[in-house]
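Taking it in order: structure first as structure tokens, then the write-up.
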Amino acid sequence: DTEVTQTPKHLVMGMTNKKSLKCEQHMGHRAMYWYKQKAKKPPELMFVYSYEKLSINESVPSRFSPECPNSSLLNLHLHALQPEDSALYLCASSPTGQGEETQYFGPGTRLLVL
Amino acid sequence: RKEVEQDPGPFNVPEGATVAFNCTYSNSASQSFFWYRQDCRKEPKLLMSVYSSGNEDGRFTAQLNRASQYISLLIRDSKLSDSATYLCVVNRAAGNKLTFGGGTRVLVKP
């Protein structure tokens, strides 16, 4: 069973809505990640937080806004999304975010934008 | 050219048979390598890391060839539960950024 949890499991939102995805890990990891995965495609990195600081933003549109309130929590705030943003959003964590570390994934939030 | 390439499959494998497939990567600076397994509508789960000397975990064997820039995964005595998409993952170390291949789909049939 994964030690990375994500809520909600499913989310349906309109293009004018504001919603947030939440991720929590209890492994004491100091790096957390957001990935986006479209159907039949591999995960694509969106953001990396290391020691609660944003270290990588893969040119993600500003309608996605990450937040790391503390080392075990990661949020993704959503605003004015488009239907093409519908996807599985995966959170992952790793010990430090440096070097060659294994990343552990949460179960994901399946998002549908109408 | 994609940074990490895989044969998408599907590889249709009789139960009990052996299946093997490769993944090629283009960035010679890549530092570490993994195989993840992803079941339909589930998250990727680490199957095994891949070391230069090759490594084995039960029925699974992974190999790394740095000179030719590919890694391989071999599954022996395939089980029905091995049916999944196998993702080849490469880490360039800088920022611990993982790059995923497109995945190889394996279907084990009775």
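Taken together, the values in this text are just the output of simple stated rules run on the coordinates, not laboratory data. Just so it is clear, the model here is predicted, and its values are computed rather than measured. For neighbour counting, all protein chains shown are included, and Cβ atoms are generated from backbone atoms with ideal geometry for every residue, glycine included.
Miscellaneous remarks
- Isolated cysteines of chain A, defined as having no other cysteine beta carbon under 4.7 Å away, are A:CYS68.
- Chain B: Cys lacking any partner C-beta under 4.7 angstrom: B:CYS40
- Its Cα gyration tensor gives segment A:26-82 an equivalent ellipsoid; the semi-axes, largest first and in whole Å, are 20, 14, 10.
- Note on segment A:1-60: Cα-Cα pairs beyond 19 Å make up 44% of the total pair count.
- The value given for chain B is a Kirkwood hydrodynamic radius of 14.0 Å, derived from the mean inverse Cα-Cα separation.
- A DSSP coil position with no more than 14 other Cβ atoms inside 10 Å describes the following GluC sites (Glu not before Pro) in segment A:53-114: A:GLU58.
- Alpha-carbon centroids, segment B:73-90 and segment B:33-63: separation in whole Å: 8
- Think of each Lys and Arg Cβ as +1 and each Asp and Glu Cβ as -1; about the Cα centre, that makes the dipole of chain B roughly 240 debye.
- Among B:76-84, B:33-41, the peptide with the highest mean count of other Cβ atoms within 10 Å heads the list, and the full ranking is B:33-41, B:76-84.
- Peptide A:44-51 shows a mean partner chain C-beta count of 2 within 10 Å per residue C-beta.
- Globularity index of the protein assembly as shown, i.e. its alpha-carbon radius of gyration over 2.2 N^0.38 Å: 1.03
- Spacing of the two label points (7 Å from each Cα toward its C-beta) at A:SER65 and B:TYR70, in nm: 4.8
- For B:TYR51 and A:GLU52, a Förster radius of 30 Å and the Cβ-Cβ distance give a FRET efficiency of 0.40, rounded to the nearest 0.05.
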